[in-house]
Amino acid sequence: MAAEKSPKYILPVELAEKLICSYCHEYLSCGPIKMQKEKYICGRCTAKGDAEVVLPHIFEIILANSIFPCKYYKEGCKKTIQFNDFQKHESNCFHRKIPCPELNCTQAVLLFNLLDHFKEHHLSGIIENDQFKLDLDENNKQNLLKYESDCIIVIKYHYSRATKTLQLSVALVNEKPRTVAKYKLQICNGNDLDTNINLSQKLCHLYNNQRLEKEEFDDININDCLSVLKNPKIVIIKIFLVYSNNIFQSTKTLFTDQTEEDAQLERVMEENAIETLQNLITNQNNYFVVPCQWKGCKQLGEEQEILEHQNECEFKLYLCPYKCEQQKLYRFLCKSCWNPWPVLPKSK
């Protein structure tokens, strides 16, 4: 019979705010969790210096069964994140801040405000009719914004008149809905749109910053197209997005509504936080053979057996994770440390 999974505990924001990495000051939402000089360090960061680093295994078991708020909850994100799953959501969160794509703008803009920001401050930078004009006798470098079917796209290009080469990047700002996979170009004679040439499809990239990075742009040799286009001085570059399916979902639905998984997680939330977190340890799966956590000990056994053994293990480290009156005593789960939330070391 398969062992039942332990229920996940959705951390209240006020409790999650105490679970902060002392290095990056983000949530302790990924492992391995480390402790050095009474300070916790998340899995994103590497401990520095020569001070001893301890791996608080029981503490990480508790965190692994906890659900964290998104780091952008103050900006309005309602999404919750499971332990070690932060990168999948937060790197694409619709409430994150990004550097404004406009080359002369130094502002960081909330993603869901980016289109309004362009309309207010960079109106000429919004692509109309899926196209922009290029004078082949002038060097040009620009970042433009394209908005289509709830997808925000940044068009970055650099044109050199000397080589007649166009470096072009079509980059998605919001990865969801994940329907845009590629783009294709049509280059037209600026005076005769019926005289044109279609290029093969190319992959879209993800937007990171204003710069045109070497690994993300495609080189387009305009010289190769001039004879077909009847040697124009001005060309029209048309950009068409290629979708992997025909379902255009609303970003409002995708990014503000909680998923059914979140709703189920909320239903298992217990009224008593202390009892819930302590049960996460005692209710761990007993069907696996696990080693003793203390360095040097070779004892193996089922989890409950090992938890009992570790209390008397000759290799046990007596290191308190708190600044309490009983120094050298490891008593993380002592009920007196919860009032009503766990007394956690402050971020330093």
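Throughout, read-outs are computed from the coordinates displayed, never taken from laboratory work. What you see is a predicted model; the values in this text were computed from it and never measured. So basically every Cβ, Gly included, is an ideal-geometry build from the backbone, and we count neighbours across all protein chains shown.
Descriptive notes on the structure:
- Distance in nm between pseudo-label sites at LYS316 and GLN87 (7 Å out along the Cβ direction from Cα): 3.6 nm
- In plain terms, if you count all Cα to Cα distances in segment 97-249 and split them into 10 Å steps from zero, the share in each step is 11, 41, 35, 13, 1 percent.
- At R0 = 35 Å, FRET efficiency that the Cβ-Cβ distance of LYS48 and GLN304 yields, to 0.05: 0.45
- Model label points for GLN131 and ILE197, set 7 angstrom from Cα along the Cα-to-Cβ axis, are 1.7 nm apart.
- Extension gain (nm, one decimal) between ASP224 and TYR147, 0.36 nm per residue minus Cα-Cα: 24.7 nm
- On full extension, the segment bounded by ASP116 and GLU75 gains 13.1 nm, given 0.36 nm per residue less the C-alpha separation.
- Restricting segment 18-52 to trypsin sites (Lys or Arg not before Pro) in coil, as DSSP defines it, with at most 10 other Cβ within 10 Å: LYS48
- Cross-link pairs exceeding 27 Å between alpha carbons, from the set LYS146/LYS233; LYS119/LYS164; LYS48/LYS97; LYS146/LYS230: LYS119/LYS164; LYS48/LYS97; LYS146/LYS230.
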